[in-house]
Structures are given as C-alpha cells and as structure tokens.
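Visitor: Pasting a structure here, questions to come.
The values are calculated or read from the model by the stated rules, or taken from the named source; none is laboratory data. Note that this is a predicted model, so its numbers are computed, not measured. Cβ: placed from backbone, ideal geometry, glycine included. Neighbour counts: every protein chain shown. These area figures cover heavy atoms from the full protein model, side chains too; ligands, DNA and RNA do not enter into them. Shrake-Rupley method; radii C 1.70, N 1.55, O 1.52, S 1.80 Å.
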Amino acid sequence: MANAATTPGFVHLRVHSSYSLLESALTIPKIVELAKADGQPAVALTDTNNLFGALEFSEKAAGSGIQPIAGLTLRVDFADRAPGRDGRILSHGSIGLIARTDAGFHNLMHLTSRAFLDTQGADDPYVSLELLSRHLDGLTIMTGGPMGALDPLILEGRGEIAAARLEVLARLSGGDMAVELQRHGAKEERAIEAELLSWAYAKGLPILATNGSVFATSDDFESHDALLAIAAGRLISDDDRRRLNPEFRFKSRAEMQALFADLPEALSTTVDLARRVVSRVRTRKAILPRFVALDTDATEALAAEAREMRRQAREGLELRLETHGLKPGTTREVYDARLEFELGVIEKMQFPGYFLIVSDFIKWAKSEGIPVGPGRGSGAGSLVAWSLFITDLDPLRFDLLFERFLNPDRVSMPDFDIDFCQDRREEVIRYVQRKYGRDQVAQIITFGTLQARGVMRDVGRVLEMPYGQVDKLTKLVPVNPAAPVTLSKAIADEPRLRIAMEETPVVGRLLQIAQKLEGLNRHASTHAAGIVIGDRPLSQLVPLYRDPKSDMPVTQYNMKWVEQAGLVKFDFLGLKTLTVLEKAVHLIAKRGITVDIASLPLDDPKTYAQLQRAETVGVFQLESSGMRKAIADIKPD
C-alpha cells in the first residue's frame with residue numbers, strides 16, 4: 001500500500017468487474033484507471049463466486065502502482081432452512097472474503113473451486129458452512145451488504161436468524177470479520193443500519209464502509225441498467241425487475257469520506273484491513289508435470305527425463321530411417337548431428353518432459369487406432385519430434401528449420417498443435433486424465449463477449465425496438481472475425497448509422513448504450529483445444545470452474561493468464577478432416593483395398609495431374625481466387 005505518511009482515508013473493498021458476468025460494466029483496465037485517477041493506493045476485486053480476473057487484476061493494478069487486494073463474493077449455505085415470506089428457503093447468503101496472505105488466497109482458490117465443482121450447474125455455485133469453516137486461514141470475512149448474508153433476512157423480519165449467522169461467522173473467523181455498511185440511498189439500507197451497528201458494537205466487531213461499485217460514473221447508470229435487463233431477459237420498462245441506482249458507481253475517496261463522515265471508524269477499518277494485506281497474486285514460471293522419476297527431487301527428475309528422451313529419440317530415429325530412408329544426397333551423420341544438436345537445446349531449455357508427455361499420448365492414440373495429424377506449424381521442423389513420433393514429417397527431407405520452433409535466444413514454451421480425429425479426441429484426453437490424475441488435468445476457460453452486432457440486438461430488445469429496425473441497423477456493421485469492427489469505427493465509417501442516430505432518438509440511445517456495453521464479458525465457455533496438466537492438484541495453482549456441459553474441470557483463468565500462472569498448455573485439436581479420411585479408408589477397405597494414409601507418397605504424379613485439372617472439391621474457390629493457374633504450374637518431383 002502507500003507509505004506510512006500517506007492517509008488514504010478510504011479503500012474500496014467491494015468492487016466487481018465484468019468477470020461478475022452481466023453484473024458489472026467495469027473492466028479491469030477501467031477499475032485501475034479510475035483508482036489511479038483518484039490517487040487510490042489500494043483496491044480489492046470481489047467478483048461474484050469467481051476469481052476469473054484475480055491474476056489479471058493483480059498484474060495490471062500493481063503495474064500502475066496500486067496495491068491489488070484479492071477478494072471474493074461467495075455464496076454460502078448456512079443450512080438454517082428458514083422459510084421466507086414468499087415461500088423461498090433462505091438458507092443461502094453471500095459474504096465477502098478478503099485474502100490477507102498467500103495462505104488466504106490459496107483458501108479463496110479452494111473455496112471457489114469447490115463451489116463450482118461440487119454444485120450441480122454453474123449458475124448458482126455455493127459452498128457449505130462446514131467447508132468454509134475449514135478454509136478461513138488468512139481470510140477476513142465481510143458480511144455482504146444489502147445482498148449479503150444478513151441484510152435480506154433482517155428486511156424479511158428474520159432478524160433472529162441473521163443474528164445467529166453473525167454469531168456463527170464471528171466464531172468461525174475468530175473475530176477476523178467486519179460488519180458491512182453500504183449507503184446507496186436505498187430506504188432498505190437506512191431501515192436496517194441501526195440494527196447492524198447495534199450488533200457490531202455488542203459483539204465488538206468492526207464496522208466497514210463499502211460501496212457496491214459496478215459502473216464508472218453516474219453517466220453509465222443507464223447502460224448498466226440495460227445490462228441488468230439483458231442478464232435477466234427482461235425489458236428496461238419492467239417495474240418488477242432488479243434495479244440499482246446511480247450510487248453504485250465507483251466513488252472517489254472524497255465522496256466516500258463525505259458519505260460516512262458520521263462513522264469515521266467505518267472508513268478507517270477499510271484502511272486498516274488493506275494494510276493487513278501482505279501478499280498479492282503473482283505470475284509463475286512454467287511448471288511442467290513430471291514424466292518420470294516421481295519420487296525424486298526436481299533436479300534428478302529433469303536429468304532422468306533427459307536420459308529417457310535421448311533413449312527414445314535415438315531408438316525412434318532408427319525406426320524412422322529403416323522405414324523411410326535418408327534424404328537423397330544426405331548421410332546418416334547429418335541426421336545424427338542434427339538429432340544431438342536438438343537434444344542439447346531441449347535439455348538446456350529444460351523441456352524434455354514436455355516432449356515426452358506429448359510423445360506419450362500421441363503414441364497411445366496411434367496404438368488405439370485414433371487418427372493423428374502428421375504435424376503442422378513450426379514443430380514440424382524438429383527431428384526430435386519426428387523421432388519421438390510426435391510428427392510424421394522428416395524435417396531434413398523438406399529443409400525445415402528447428403530454430404523456428406525452439407531457439408535458446410528467444411526463450412518460450414514449445415507449442416505443438418496436435419490434430420486428432422474429431423470423433424475420438426475425448427478418448428485421448430481421458431487417457432491423459434488417467435495417467436496424470438483427474439485433479440491435475442483441466443480444460444481452459446474462454447469468455448464470450450458482447451460484440452458489436454450482438455450487443456446492438458440485446459440492447460434493441462430491452463428497449464423494445466422493432467426487430468426489423470434493429471436487424472437493419474446491425475447489418476450496417478461489417479463482420480470481420482479476424483479483426484472485429486467496433487461500434488465506434490462502424491459509426492465513423494457508415495454514414496447511414498450516423499444519419500439514423502441524428503434523426504431517430506431511440507437509435508441514438510441504442511448506439512450510445514451499446515457502445516458502453518461492447519466488449520464486456522457475457523458468459524463463460526471452454527477453449528476448443530487447450531488442456532493444461534499440472535504437477536500437483538490444479539486447485540493449488542489456479543482456481544477451477546466447471547462447464548455445465550462437461551464433467552471435466554476448467555481453469556478460471558483464460559489462456560493468456562493460465563500460462564502466466566505457471567501452467568503449460570497442450571493443444572488437443574479435433575480435426576474433422578482426419579475423421580473423414582478415416583471413414584474413407586474403412587469404406588475403401590470394404591472393397592478389398594488397403595490404404596495406409598501415412599505411407600502415401602507426397603509427389604504422386606497422378607494426384608498432381610488431378611489437381612491441375614481442378615477435379616477436386618474447391619474448384620470454384622480456385623477459379624474465383626485466381627489460384628487455378630498456380631496449381632497447374634506445379635511440377636511434381
């Protein structure tokens with residue numbers, strides 16, 4: 001945090017980012033920008049039930065000179081089973097958790113992971129009170145505010161249950177907790193504040209001033225209100241839906257000090273708690289799972305893997321050359337020298353385990369008759385990869401460079417893009433889970449965002465605009481998946497959009513709101529190919545999520561941040577082409593003809609002649625792109 005001479009006055013401990021899906025209109029860069037502009041020395045990120053943005057927030061805030069505080073808004077089952085006035089069972093309630101130490105953050109990771117993995121469906125994850133009680137070391141509890149564990153019960157006339165929950169939380173935390181007070185101008189907050197203060201003073205618990213921050217300024221209130229309507233599938237005009245007010249903005253320290261001027265201790269508690277935070281979420285160097293020598297230390301394990309890689313690579317090269325022979329005009333010494341050079345580079349960069357792991361699951365797939373691609377990308381330039389049966393291309397025969405794949409002067413993780421038959425890809429993933437442990441293998445999360453056309457349609461719906469009108473407007477926004485066009489650029493480039501904005505107020509409102517919501521996270525999904533393998537249970541390294549469509553764990557960090565957290569990505573691509581080829585081989589076999597795809601020549605004259613005649617699917621694309629002549633000019637060796 002700031003040095004001792006600085007008097008922060010207030011620290012935000014209840015900020016939500018757009019990783020609280022469809023709850024907040026604040027991106028992490030925006031949170032950091034707002035905090036820096038106000039000279040705030042520290043900020044806590046407390047997204048709902050997840051740590052999706054924990055590492056990203058930590059790095060970006062620290063990079064701007066702001067102390068990042070890891071937090072979480074967590075749903076807990078208190079098991080009190082009290083019926084509410086509307087018949088609901090009020091056994092669940094949300095609390096805030098702030099991680100003060102490394103142990104505290106590890107407990108946050110464990111709690112959010114169990115909330116998703118142990119709950120049926122990912123829409124309403126929660127943890128039991130018993131699980132929470134075992135993972136409070138290094139954590140401070142906040143009671144949750146207007147939508148937390150206590151306030152709704154008091155408003156429901158169930159104050160005795162709220163008091164019992166407070167008693168339980170105080171006992172479990174050893175008093176390391178605070179009673180939250182929020183002042184957004186709602187009559188419900190005013191109605192229960194005196195009771196919360198009375199309980200806090202009676203139990204000797206500190207009071208804590210927080211503000212539910214979910215958008216930047218009052219000017220963003222309307223767009224955030226539209227976001228809530230989109231999330232609920234309702235209309236902005238609906239009176240019975242969830243609404244907030246402009247006070248849920250990211251307030252300055254001066255605003256918060258004025259708001260709680262009558263309770264200065266509630267402000268000072270925020271500063272005291274921030275000063276007790278002694279750790280932050282950090283990046284790590286790559287942590288590779290061990291392939292051999294599991295009972296040895298890291299140094300000996302690496303040496304054992306290097307020896308195993310050399311053995312397999314030399315034996316594999318013998319088999320490859322027996323089958324395919326040398327490149328014409330090349331001696332065996334050239335192959336041996338290239339192999340030893342590559343092995344030396346791989347060992348120096350400490351990647352033998354990576355090569356062995358990839359080789360192992362590819363060999364297993366081939367042994368099970370699962371079609372595997374021959375290799376693509378820069379990895380095809382490795383003779384070691386060919387010798388380990390990772391790729392099926394002799395890099396010397398095709399003059400491919402190893403340095404494009406691995407270069408000691410440009411240290412980066414190797415990255416094989418491996419194609420498997422689309423229908424049987426899951427079998428390979430299950431094999432990896434069995435080999436390394438289900439708790440050490442996970443898929444990688446991705447986030448769907450509100451993109452230009454989609455957000456226009458969403459906003460148009462909640463504004464009750466005619467579908468045809470919105471459809472015509474959205475079609476004026478260009479579609480370019482490789483480089484998506486933003487709404488601001490589309491408006492700048494398309495005069496019909498500008499004219500519509502000027503002539504039709506509702507269109508202007510639509511585009512103004514849509515631009516503010518564009519780019520926010522809409523939902524969580526799973527990366528099509530990425531798998532991570534850890535050297536220990538993954539919940540010790542990253543928080544985990546579960547896709548409702550799969551029983552396989554998913555990392556809560558996306559591909560960029562999961563690698564910075566130290567996990568190594570392996571790409572298991574499902575390729576439909578391999579599936580089609582496999583089916584073709586089986587169909588031809590029924591006619592008594594055996595075809596081995598791997599042994600087909602790459603310079604067959606008849607094949608090139610057929611391509612030259614354009615007698616292939618794709619002839620129209622070839623003609624329209626001017627490629628037909630280029631194909632005809634190809635001369636086979």
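Visitor: Given R₀ = 41 Å, FRET efficiency for S367-T283 by Cβ-Cβ distance, to 0.05? If you can, show how the numbers build up before the last one.
Guide: Values: r = 38 Å, r/R0 = 0.92.
Working from the Cβ atoms, E equals 0.65.
Visitor: Can you run phi through the Karplus equation (6.51, -1.76, 1.60; θ = phi - 60°) for region 188-198 and list ³J(HN,Hα) in whole Hz, with x for Gly and Pro?
Guide: Result, ordered by residue: 5, 5, 5, 5, 10, 4, 4, 5, 5, 4, 4 Hz.
Visitor: For K203, list the lysines whose Cα falls under 28 Å from its own Cα; do not include residues on the same chain fewer than 8 positions away.
Guide: K187
Visitor: Relative contact order, percent, of the chain when contacts are C-alpha pairs under 8 Å separated by at least 6 residues? Don't skip to the end; give the middle numbers.
Guide: Working: 1075 pairs, mean separation 91.4, N = 637.
So the answer I get is 14 percent.
Visitor: Turning to a different aspect of this structure: Mind checking the dipole of the chain: about its Cα centre, +1 per Lys or Arg Cβ, -1 per Asp or Glu Cβ, Debye to the nearest 20?
Guide: Details: 78 positive and 85 negative charges, 131 e Å.
Dipole about the Cα centre, nearest 20: 620 debye.
Visitor: Let me ask something else about it. Quote the Stokes-Einstein diffusion coefficient, in whole µm² s⁻¹, for the chain, based on the Kirkwood radius over alpha carbon pairs, a temperature of 25 °C and a viscosity of 0.890 mPa s.
Guide: Diffusion coefficient, whole number: 87 µm²/s.
Visitor: Now, a different point. Tell me the carbon and sulfur percent of the accessible area for region 318-448, rounded to whole percent, probe radius 1.4 Å.
Guide: Details: 2910 of 5690 Å².
With neighbouring chains kept in place, the figure for region 318-448 is 51 percent.
Visitor: Now a separate question. Expressed as a whole percentage, what fraction of the accessible surface of region 91-143 belongs to carbon and sulfur atoms when a 1.4 Å probe is rolled over the protein heavy atoms? Spell out each step's value before the answer.
Guide: Values: 790 of 1790 Å².
That share works out to 44 percent.
Visitor: I would also like to ask the following. Quick one: of K348/K549; K475/K583; K36/K569; K327/K366, which pairs are farther than 32 Å apart, Cα to Cα? Don't jump to the answer; show the numbers that get you there.
Guide: Working: K348/K549 41 Å; K475/K583 40 Å; K36/K569 34 Å; K327/K366 25 Å.
Long pairs (Cα-Cα over 32 Å): K348/K549; K475/K583; K36/K569.
Visitor: What lysines could a cross-link reach from K472, if we take a straight Cα to Cα line under 20 Å and drop same-chain neighbours fewer than 8 places away?
Guide: By straight Cα distance, K472 reaches K489.
Visitor: Note the angle between two axes, namely the Cα long axis of helix 576-589 and the longest principal axis of the Cα atoms of the chain, as a number of degrees from 0 to 90, rounded to the nearest 10.
Guide: In the chain, helix 576-589 runs at an angle near 40 degrees to the longest axis.
Visitor: Another one. With runs of 4+ DSSP H residues as the only contributors, calculate the mean residue ellipticity of the chain at 222 nm using -39,500 (n - 2.57) per run, divided by the residue total and rounded to the nearest 500. Numbers along the way, then the final one.
Guide: Working: 25 runs with 274 residues, N = 637.
Taking each H run of at least 4 residues, the total per residue is -13000 deg cm²/dmol.
Visitor: How far is helix 102-117 tilted off the main Cα axis of the chain, in degrees rounded to 10, range 0 to 90?
Guide: Tilt of helix 102-117: around 80 degrees.
Visitor: After finding the eigenvalues of the alpha carbon gyration tensor for region 220-342, what semi-axes result from the square roots of 5 times each, listed largest first in whole Å? Intermediate values should be presented prior to the final figure.
Guide: Numbers: eigenvalues 869, 148, 38 Å².
After diagonalising the Cα gyration tensor, the semi-axes are 66, 27, 14 Å.
Visitor: With every protein chain left in place, what is the accessible area per residue of region 435-532 in square angstrom, probe 1.4 Å? Don't skip to the answer; put the middle values down first.
Guide: Values: 4760 Å² over 98 residues.
Result: 49 Å² of accessible area for each residue.
Visitor: Right, something else. Rank these residues by their accessible area, most exposed first, probe 1.4 Å: M552, M349, M147. Provide the component values of the computation, followed by the final result.
Guide: Working: M552 5, M349 25, M147 115 Å².
Per-residue accessible area, sorted high to low, gives M147, M349, M552.
Visitor: In degrees, nearest 10, range 0 to 90: what is the angle between the Cα axis of helix 54-63 and the longest Cα principal axis of the chain?
Guide: It works out to around 80 degrees.
Visitor: Rounded to the nearest 10 Å², what accessible area does K583 have for a 1.4 Å probe in the complete protein model?
Guide: K583 exposes around 120 Å² with every protein chain in place.
Visitor: Turning to a different aspect of this structure: Which lysines, if any, have their Cα less than 18 Å from the Cα of K363, not counting same-chain residues under 8 positions apart?
Guide: Once the sequence-local lysines are set aside, what remains near K363 is K435.
Visitor: Here's a follow-up. Can you list the HN-Hα couplings for region 260-275, worked out from phi with the Karplus curve (6.51, -1.76, 1.60; θ = phi - 60°), rounded to whole Hz and with x for Gly and Pro?
Guide: Couplings: 10, 4, 7, 10, x, 5, 5, 6, 5, 4, 5, 5, 4, 5, 4, 5 Hz.
Visitor: Please list 3J(HN,Hα) in residue order for region 309-325, calculated via the Karplus relation 6.51 cos²θ - 1.76 cosθ + 1.60 where θ = phi - 60°; whole Hz, with x for glycine and proline.
Guide: Working through the residues one at a time gives 5, 4, 4, 5, 5, 5, 5, x, 5, 4, 5, 5, 6, 4, 7, 10, x Hz.
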